[in-house]
């Protein structure tokens, strides 16, 4: 146990002394936060709305189609609960509720009705824009003078307004899990094998498994320490917020780390040199970085790419972290993510241990 | 009982038999050398003794324990220096000694080893900043961190400059003075001659000779070689006709093999010999025998006579 601890400590200490590698991971994560913060600091021009149609008439559907046709508006029809969840998670700017009796009111066969608009409790520019657009469409649809349909004054809902920094913090945690997890173990183990450090350790009375596990645990600890540094920077310097429980951040971070350390371990098992490990790690990490929703929501990707990305572990790390930190989701929302990461961990470690070569 | 007993070790890689039925034993306090060219099987033999490789046949016993049967017990009591000095990155000299010390049940204080191997000034230096000689000293210090009874050194001076090599020889002789049993591999014959009480000469995985260096030389390279510059009038046929000459080879220099060097020298330096007064370019007479060297047989000669090849090839 003394030997195991000494090996882990030596590896973790070494990684923090390796300034170039540290700058490459931690520094780059901070740089991404700055760049993306500047690029997307303002809210987007797209107005995303959810509509709840309680009337289910030809007239109400036609009304919503007119609204959806407005340039820049994305409108999804949803059930009441789903729509308000979206609003709470800041994935839509507002929810429009079309009342029952809308069609009857429009044809003057029933009492007057009010379309109700629910918005985030913020003073963001999108709220005003959605007010204006919906008011215009409603007035136009109701036929000017006819007072049978009107727009009620907007009501506000308590929502989590996720800023770009709030979105970037879990993204950058996922980024570090990806890069440090894969690289430290893949390149580290391959290099120690080439330079015969592993062999030198094997000439001591330590068990082979102790040597290997110490290197893997060391790699995992490096990732967790880097995440701790990033979180402190993100909260303290960049003003990012976590809307969820810190306790729930831990499972995806730990399981994400084990899954990616497993991929790193697997890479080190199939390559001969550290240069090959570096290349293979880059081939795996760079596409994942852009495919897995850590820089922009995956909805923006083509469907085929989304399907591929959803098989890969980073999407699940990213999803779980965003769910918890941005939407304040509970454990039930991230159970699937966590289980899939467990599966990735088991598969990669099994394959890697099977293929591993000491020299 | 001998500290080390190696009995019929065999290691095959596919069709190649890297180590072919190697047997020897090493007494307590002895420095034992495995001498041979690169690829002869020296390192593989050492690795089977260190528990780093499992033999295909045969066994090695170290301090009475079967290595393949109980490698961890053996590793606890031996010190190992590998050919490539392998220390993790971003680790200082002191940290490396402490790290390796923590991998054994019993270890010596880092300060003692730093002093002993003259590394105190470099204690806080990262190991990759050390010179070749310092690195080798650290490497041997790491091999001694558990105060082992048996020490294995794999080509300890390869790649070092002559001064650093000489320093390291003094270090290795120090091991003998402290009663350590040492097995080292080398392809430097002068190193084997100076350090080793006994030497096993290995070629193509087999031990071709095993004895003390003086006895190996007496048996396999008994003669003396007389070397001189080739000049006109002293051709191979003339020299071979001289008394006491066994064999003559000539290229830039002439080498005369003999068991009676005094007889050969007497004939060569005879003032009445035709080559005693050779006309030179300036017209003055000079003795034809120039730049004469007399040398004894070496382990290199032993190796050449046993295998027909050179150690450095």
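The values are calculated or read from the model by the stated rules, or taken from the named source; none is laboratory data. All values reported here derive from a predicted model rather than from experimental measurement. Cβ: placed from backbone, ideal geometry, glycine included. Neighbour counts: every protein chain shown.
Just checking, which of A:72, A:41 is at pLDDT below 85, on the phi > 0 side of the Ramachandran plot and surrounded by fewer than 15 Cβ atoms within 10 Å (Cβ to Cβ)?
Details: A:41 fails: on the phi > 0 side of the Ramachandran plot.
Exactly one of A:72, A:41 is at pLDDT below 85, on the phi > 0 side of the Ramachandran plot and surrounded by fewer than 15 Cβ atoms within 10 Å (Cβ to Cβ), namely A:72.
Consider residue A:234 against the criteria (1) crowded, with 23+ Cβ neighbours inside 10 Å; (2) touching a residue at least 60 places away in the same chain (Cβ under 8 Å); (3) within 24 Å of residue A:348 (Cβ to Cβ): it satisfies all of them except one. Which criterion is unmet?
With respect to (1) crowded, with 23+ Cβ neighbours inside 10 Å; (2) touching a residue at least 60 places away in the same chain (Cβ under 8 Å); (3) within 24 Å of residue A:348 (Cβ to Cβ), residue A:234 is out only on (3).
Condition first: without any contact (Cβ under 8 Å) to a residue 12 or more places away in the chain and within 23 Å of residue A:165 (Cα to Cα). Now tell me which residues in region A:297-332 satisfy that.
A:297, A:299, A:300, A:301
Just to be sure, is residue B:225 modelled with pLDDT of 85 or more, closer than 19 Å to residue B:140 by Cβ and buried (at least 19 other Cβ atoms within 10 Å of the Cβ)?
Working: modelled with pLDDT of 85 or more: yes; closer than 19 Å to residue B:140 by Cβ: no; buried (at least 19 other Cβ atoms within 10 Å of the Cβ): yes.
When the stated conditions are applied, residue B:225 does not pass them.
What single numbered condition from (1) more than 10 Å from every other protein chain (Cβ to nearest Cβ); (2) surrounded by 23 or more Cβ atoms within 10 Å (Cβ to Cβ); (3) in contact with a helix residue (DSSP H, G or I) (Cβ under 8 Å, 6 or more places away or on another chain); (4) modelled with pLDDT of 90 or more fails to hold for residue B:45?
(3)
Considering only region B:200-216, how many residues are over 10 Å from residue B:36 (Cα atoms) and buried (at least 21 other Cβ atoms within 10 Å of the Cβ)?
2
For region A:265-288, check the following and say yes or no: at least one residue is within 15 Å of the chain's Cα centre (by Cα) and in a helix (DSSP H, G or I). Give the derivation first.
From region A:265-288, those within 15 Å of the chain's Cα centre (by Cα) are A:288; that's our starting set.
Narrowing the set further to residues that are in a helix (DSSP H, G or I) leaves A:288.
Yes; the residues of region A:265-288 include at least one that is within 15 Å of the chain's Cα centre (by Cα) and in a helix (DSSP H, G or I).
What's the total number of residues in region A:202-212 that are within 20 Å of residue A:271 (Cβ to Cβ) and more than 7 Å from every other protein chain (Cβ to nearest Cβ)?
So the count comes out to 3.
Quick test of your reading of the structure: residue A:191 fulfils all but one of (1) under 21 Å from residue A:316 (Cβ atoms); (2) touching a residue at least 40 places away in the same chain (Cβ under 8 Å). Name the failing condition by number.
(1)
Of these, B:93, B:150, B:74, B:145, which one is crowded, with 21+ Cβ neighbours inside 10 Å and more than 27 Å from the chain's Cα centre (by Cα)?
Details: B:150 fails: more than 27 Å from the chain's Cα centre (by Cα); B:74 fails: more than 27 Å from the chain's Cα centre (by Cα); B:145 fails: more than 27 Å from the chain's Cα centre (by Cα).
So the residue among B:93, B:150, B:74, B:145 that is crowded, with 21+ Cβ neighbours inside 10 Å and more than 27 Å from the chain's Cα centre (by Cα) is B:93.
If you go through region B:1-30 one residue at a time, how many are touching a helix residue (DSSP H, G or I) at 6+ places or on another chain (Cβ under 9 Å), within 19 Å of residue B:79 (Cβ to Cβ) and surrounded by 18 or more Cβ atoms within 10 Å (Cβ to Cβ)?
3
Taking the condition part of a helix (DSSP H, G or I) and either at negative phi or not assigned by TED's automatic domain parsing to the domain that holds residue A:192 (or both), does residue A:295 pass?
Values: part of a helix (DSSP H, G or I): no; either at negative phi or not assigned by TED's automatic domain parsing to the domain that holds residue A:192 (or both): yes.
No: the conditions fail for residue A:295.
Take the residues of region B:257-313 that are assigned to a loop (DSSP other than H, G, I, E, B), surrounded by fewer than 17 Cβ atoms within 10 Å (Cβ to Cβ) and within 29 Å of the chain's Cα centre (by Cα): which is modelled with the lowest pLDDT?
From region B:257-313, those assigned to a loop (DSSP other than H, G, I, E, B) are B:259-260, B:269-273, B:277, B:280-284, B:287-292, B:297-298, B:308-313; that's our starting set.
So of that shortlist, the ones also surrounded by fewer than 17 Cβ atoms within 10 Å (Cβ to Cβ) come out as B:259-260, B:269-272, B:277, B:280-284, B:287, B:290-292, B:308-310, B:312-313.
Now narrow it down to the ones that are within 29 Å of the chain's Cα centre (by Cα): B:259-260, B:292, B:308-310, B:312-313.
Working: B:259: 85, B:260: 87, B:292: 86, B:308: 74, B:309: 69, B:310: 63, B:312: 54, B:313: 49.
Only one residue tops the list, namely B:313.
Confirm whether residue B:80 is over 30 Å from residue A:22 (Cα atoms) and either within 14 Å of another protein chain (Cβ to nearest Cβ) or touching a helix residue (DSSP H, G or I) at 6+ places or on another chain (Cβ under 9 Å) (or both). Give the steps one after another, and end with the answer.
Details: over 30 Å from residue A:22 (Cα atoms): yes; either within 14 Å of another protein chain (Cβ to nearest Cβ) or touching a helix residue (DSSP H, G or I) at 6+ places or on another chain (Cβ under 9 Å) (or both): yes.
Against the criterion (over 30 Å from residue A:22 (Cα atoms) and either within 14 Å of another protein chain (Cβ to nearest Cβ) or touching a helix residue (DSSP H, G or I) at 6+ places or on another chain (Cβ under 9 Å) (or both)), residue B:80 qualifies.
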